[in-house]
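One structure is given here, and the rest of the page talks about it.
The values are calculated or read from the model by the stated rules, or taken from the named source; none is laboratory data. Every value quoted in this text rests on a predicted model; they were computed, and no experiment measured them. Note that each Cβ is placed from the backbone with ideal geometry, even for glycine, and that neighbours are counted across all protein chains shown. Ligands, DNA and RNA are stripped out before the accessible areas are found, and what is left, the full protein with its side chains, is counted by its heavy atoms. Shrake-Rupley method; radii C 1.70, N 1.55, O 1.52, S 1.80 Å.
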Amino acid sequence: MVCSAVPLSKPSMHFDAKSIMASWLTVWSFYFVWITEFISICSGNIGRRPPEGRESELSVISVPLEHSFELDDSIQFKKRGTLQWYPSGDSYITVSQKQLTEEERHKLSTVANLDGLYRIRIPRKVEADGTVSGYVTSFVRACSMVESHLSDVITVNTDVSGNIIGISIVTIPGSCSGAEIEDVDLELYNTTVHLLQPVQAAVPETAFFIERMEQEQAQKGKNPQEQKSFFAKYWMYIIPIVLFLMMSGAQDPSGQGGASGGGSGGGGR
């Protein structure tokens, strides 16, 4: 029985450039579509804010603005308008007001002639059910309100938590000169409103300062040479200079004495 080795033929590897290119294009197209979908999903979910109207409805603070000007000493507040602002740290505040009726204009002029007061107030806090917990008030002379043609500046003060703590009103101008003002000039308010919120002061970086001091102390402990005084560091240079100056000072008197002695001898001849 004769066994002969039959050489094995290697399989022929034939690659088509077009098929390879088509395969790569298919793979890259798949990855491109996948990445595009991923980016679109992320951009649609991350950082999405609620509708602007809904956000304003949830965060806006709205309080009624009331005023009172009576002929007698009684105080009867009625709604003058509405103040609105956002508790986001921004000082932007708006006011919406209705114009005075003919009866109210006449009454305000009469109160001004009697040197009465014009009062305003807003609630400290309005609960969800509409109940009010206290008021903050302010007032000016009714005559200044009339002579300014209802031009006033109202300032609302809040604390760090956003709670109302005060209100103030001034007129422009603020004096009463007795000028005659017609009722037609008292129809519309010319009001400027401000919101004053406290600004938190910068907090000192105490922890950073202590850490830096500890690092400096540790660095000085590693390098005790830095703690030596100036003389302890450079004594080998200072001593030779001092000795040189001392020796130079000791030689000067002898030289001057020899010079003067030679002069005396010359005179003796």
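Quick notes
- Residue in region 63-78 that is more than 30 Å from C176 (Cα to Cα) and at pLDDT below 55 present: no
- Extreme residue, surrounded by the most Cβ atoms within 10 Å (Cβ to Cβ), among residues of region 185-212 that are touching a residue at least 60 places away in the same chain (Cβ under 8 Å), not in a loop (DSSP other than H, G, I, E, B) and not aliphatic (A, V, I, L, M): T191
- Residue in region 126-143 that is touching a helix residue (DSSP H, G or I) at 6+ places or on another chain (Cβ under 6 Å), without any contact (Cβ under 8 Å) to a residue 60 or more places away in the chain, more than 23 Å from V60 (Cβ to Cβ) and of a type in the set (S, T, Y) present: no
- Of all the residues in region 166-184, those that are β-branched (V, I, T), closer than 13 Å to V140 by Cβ and either part of a loop (DSSP other than H, G, I, E, B) or in contact with a helix residue (DSSP H, G or I) (Cβ under 8 Å, 6 or more places away or on another chain) (or both) number 2.
- Inspection of region 228-236 finds a residue satisfying the criterion of being of a type in the set (D, E, K, R) and either on the phi > 0 side of the Ramachandran plot or at pLDDT 60 or above (or both).
- Among the residues of region 130-184, the ones that are in contact with a Lys or Arg (Cβ under 6 Å, 6 or more places away or on another chain), open to solvent by 40 Å² or more (accessible area, probe 1.4 Å) and under 17 Å from I120 (Cα atoms) come to 4 in all.
- Selection from region 79-125 of residues that are open to solvent by 40 Å² or more (accessible area, probe 1.4 Å) and in contact with a Pro (Cβ under 8 Å, 6 or more places away or on another chain): K79
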